[in-house]
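The values are calculated or read from the model by the stated rules, or taken from the named source; none is laboratory data. Computed from a predicted model, the values in this text were never measured in an experiment. No Cβ is skipped: glycine too gets one built from the backbone with ideal geometry, and neighbour counts run over all protein chains shown. When the accessible area is computed, the model is the full protein with side chains, heavy atoms only, and any ligands, DNA or RNA have been set aside. Shrake-Rupley method; radii C 1.70, N 1.55, O 1.52, S 1.80 Å.
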Amino acid sequence: MPVQWLEQTLWQLGLEVHRQSFSRTLPFPDETRERYMVHGTNVYGILRAPRAASTEALVLSVPCSPGSQNNQAVGLMLALAAYFREQIYWAKDIIFLVTEHDLLGTEAWLEAYHDINLTEVQSLGTPGRAGAIQAAIALELSSDVVTSFDVAVEGLNGQLPNLDLLNLFHAFCQKNGLLCTIQGKLPRSDWDSLPGYAHSLQTLALMVLAQASGRPRGDHGLFLRYRVQALTLRGINSFRQTKHGMAAIGRTLEGMFRKLNNLLERLHQSYFFYLLPSLSRFVSIGLYMPAFGFLLLVLVLKISFGWGWGWRWGTGRQHPSATCLSPQEARPGLLVLVPPVLICEAAGLALYLLPVLGQQVATQHFPVSEAEAVVLTIIAIYVAGMALPHNTHRVLPGAGAARGWLTLKLVALVALALVLVALALLNFSLGFLLAATMVPAAAAVQPNGPKVLLAVVLVLATPAVTLLLCIFLERELLEVPAGAGEGWQLFLAALGEGLLQHHLYGSCLCPLLALGVYPLWLLLWNVLFWK
């Protein structure tokens, strides 16, 4: 990044210019971007508000990509800085931020600006500060002319910005005649027809998949963690004949910043939980939560059924699948649950810790790189969890009775219900996908009946298979279908990327699946092979 040139240019425009150096050593090499030990510099200029004290601020963020990929965005940011400097109506400070190394630079700047350290990034701090950041816009342009703007709303761990900010951008695009898309899909005029409903369903499904991944789809995704409402705007230059230059884009951004400049309080009146079938319509939390509630009702009914049979055992009645045992053998107690629960939780803990800790050992004994060793270790531990000695409970008297596996299933269902409820309140899309796949299998699993069929159903409900199917579904919705080989490569890349996102930015998807969902799935697997 041309640090000295950016500093000189921003200084000539009359801004207060600062730089911030940072460094970060990745837990394992990122082969996609070919980096391991990252050193970078962020440059930012502050336009002090002439009409108010420096208590509030707005941010225009531009990632400086390698080569000339995003040079147009940097040029437009400098032009806007020169124009904003001449105006006298600003009531909030405006920060013009140029970051290096995409999300790593943004995370380093945000941590230094708020004087906290959530990750292990090393930085020298930010020598210059403005007020509390109210809103932020991240800009990405691939050309000096655009045919449409694609807006990204999904942030880290599925967080979404306030809907008013999205409505503001959509309104200015309509005013200036700019086409605006979401998930790369243009809105249809015949939205109330059958093809229009199908198109909206595709857009909605793409947003569900993007939000469930927990990955920020732009620099704005890291601002949301600090209660800063933010969007990422991507200029697209496609084959369409109607094209717009920098003037139209500049007018849109200038109008948005003038509207945000008039804010008297943080954006909070509109929705924070929503799904978007298009930019002009949304599905609120009051409409989509009942669908999740019906899925959860299955677990509630199964828990009630299991609890009822547990009470009947206290009166001496037997479950229909119980074997004829003596009263002493029919009451094994909660001690039977200790071995399977400990083994399943230990498998989840190993899945979370060993891939990164054991990468050096793997590279010394096998001809693989560090990144390949991490991914292969994840797969090995995941598969090995199914073959662990889950039958250690059999040494206890009466452990093979129906009460033993039914009690274990009851514990697994209660824990699964609690995890899904908590997850749906934080990231509805991820909670819904896990509920749609795991709830039917969890309700049906038992050691009696067609064991092969139940084993197949349970394997298809595992989080790893869900991830693989979601990858194929996303490619189908994007109209770029992937073959079996390409889908497998995308699956391996998603495993490494998910673990890397957790260590770099604090994504919760990796620990949630490893320490929460995977052990619960192993408990259900243990119920299936209880006998």
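At-a-glance table
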| item | result |
| --- | --- |
| Counted residues, segment 42-72 - those being modelled with pLDDT of 90 or more and either surrounded by 19 or more Cβ atoms within 10 Å (Cβ to Cβ) or among the aliphatic types (A, V, I, L, M) (or both) | 14 |
| Enumeration of residues in segment 205-225 that are in contact with a strand residue (DSSP E or B) (Cβ under 9 Å, 6 or more places away or on another chain) and assigned to a helix (DSSP H, G or I) | Leu206, Met207, Val208, Ala210, Gln211, His220, Gly221, Leu222, Phe223, Leu224 |
| Wholly within segment 458-531, helices (runs of 4 or more DSSP H) carrying at least 1 residues that are over 26 Å from Tyr36 (Cα atoms) and open to solvent by 30 Å² or more (accessible area, probe 1.4 Å) | 463-477, 484-505 |
| Residues located in segment 142-189, provided they are among the small types (Gly, Ala, Ser), surrounded by fewer than 21 Cβ atoms within 10 Å (Cβ to Cβ) and under 17 Å from Leu267 (Cβ atoms) | Ala171 |
| Count of residues meeting criterion [touching a residue at least 24 places away in the same chain (Cβ under 8 Å) and either of a type in the set (D, E, K, R) or closer than 24 Å to Pro2 by Cα (or both)] in segment 34-57 | 13 |
| Hits in segment 1-15 (condition: open to solvent by 40 Å² or more (accessible area, probe 1.4 Å), under 34 Å from the mean Cα position of the chain (by Cα) and in contact (Cβ under 8 Å) with a residue 60 or more places away in the chain) | Met1 |
| Residue tally, condition farther than 30 Å from Leu495 by Cβ and crowded, with 19+ Cβ neighbours inside 10 Å, over segment 19-41 | 2 |
| Any hit, segment 38-48, residues being assigned by the TED database to the domain that holds His220, under 30 Å from Leu267 (Cα atoms) and in a loop (DSSP other than H, G, I, E, B) | yes |
| Subset of segment 206-237 [open to solvent by 30 Å² or more (accessible area, probe 1.4 Å) and in contact (Cβ under 8 Å) with a residue 40 or more places away in the chain] | Ser213, Arg215, Arg217, Arg225, Tyr226, Arg234, Ile236, Asn237 |
| Selection status of Ala444, surrounded by 15 or more Cβ atoms within 10 Å (Cβ to Cβ) and of a type outside the set (Lys, Arg) | yes |
| Of residues in segment 110-132 being open to solvent by less than 20 Å² (accessible area, probe 1.4 Å) and touching a Phe, Trp or Tyr at 6+ places or on another chain (Cβ under 7 Å), the one modelled with the lowest pLDDT | Thr126 |
| Residue match in segment 279-288 (condition: in a loop (DSSP other than H, G, I, E, B) and surrounded by 19 or more Cβ atoms within 10 Å (Cβ to Cβ)) | yes |
| Residue within segment 136-151 that is in the same structural domain as Pro50 (by the TED database), polar (S, T, N, Q), modelled with pLDDT of 90 or more and touching a helix residue (DSSP H, G or I) at 6+ places or on another chain (Cβ under 9 Å) present | no |
| Test set (1) within 19 Å of Leu477 (Cα to Cα); (2) in contact with a strand residue (DSSP E or B) (Cβ under 8 Å, 6 or more places away or on another chain); (3) buried (at least 21 other Cβ atoms within 10 Å of the Cβ) - Gln202 fails condition number | (3) |
| Unmet criterion (only one of (1) within 24 Å of the chain's Cα centre (by Cα); (2) of a type in the set (A, V, I, L, M); (3) over 14 Å from Ser278 (Cβ atoms)) for Leu194 | (1) |
| Selection count, segment 347-393, where residues are modelled with pLDDT of 80 or more, open to solvent by 40 Å² or more (accessible area, probe 1.4 Å) and within 17 Å of Asn526 (Cβ to Cβ) | 5 |
